[in-house]
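The values are calculated or read from the model by the stated rules, or taken from the named source; none is laboratory data. Since this is a predicted model, take the numbers as computed values, not measurements. Counting neighbours? That spans all protein chains shown, and the Cβs are built from the backbone with ideal geometry, glycine included. For the accessible areas, the whole protein counts, side chains as well, though only heavy atoms, and no ligand, DNA or RNA atoms are used. Shrake-Rupley method; radii C 1.70, N 1.55, O 1.52, S 1.80 Å.
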Amino acid sequence: MQIGVTSDEAVTNRCVFVIHGCEISRAALQLILQDEYETHEWSTIDQALARLRERRPDLLIIGAGELGATEAGVMDGIRKASPGTRILVVVDAAAGAEPGGWQAAGTHGLLSQPLTVETVRRKVRLALGLRAVLAIGVEAG
């Protein structure tokens, strides 16, 4: 059952890889995205890089903690293994991540924790170059 998925999105076969050391965050991202995209999850970059040889994702979502101190080297490795793959980085909102620094490293956007269904789906759509669905809040009183 695909909840909140348009027929255009249901027939496209886009692949998303989720790499995050936190099992809860990985599971949440997969749950949010699995209705719209083929979603695979891994806890380490090495596991995902091994799979990149078989299946190239359209989007890779990676936790900032998995990039570590060698952020540039990891990003280069991802780009070499899967050229053209767009990258979103999951950051802790309390850490105060600078978007400019991440974009200079080659990412296409940031996902701030805590994650919400609406925010994740919107940012993933934008990263994949799909139209963003706008919602206008209406309060009935």
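Scanning the range 27-55 for residues that are outside any helix (DSSP H, G or I), exposed (fewer than 13 other Cβ atoms within 10 Å of the Cβ) and without any contact (Cβ under 8 Å) to a residue 24 or more places away in the chain turns up just one, E54. So, of the residues in the range 77-96 that are touching a strand residue (DSSP E or B) at 6+ places or on another chain (Cβ under 8 Å) and loosely packed, with under 15 Cβ neighbours inside 10 Å, which turns out to be modelled with the lowest pLDDT? So the residue we want is A93. Scanning the range 56-75 for residues that are open to solvent by less than 60 Å² (accessible area, probe 1.4 Å) and more than 19 Å from L111 (Cβ to Cβ) yields a total of 1. V18 meets all of the listed conditions (1) open to solvent by 10 Å² or more (accessible area, probe 1.4 Å); (2) closer than 21 Å to E118 by Cβ but one, namely (1). Applying the condition of being assigned to a helix (DSSP H, G or I) and farther than 19 Å from R51 by Cβ to the range 1-24 and asking which residue is modelled with the highest pLDDT yields I24.
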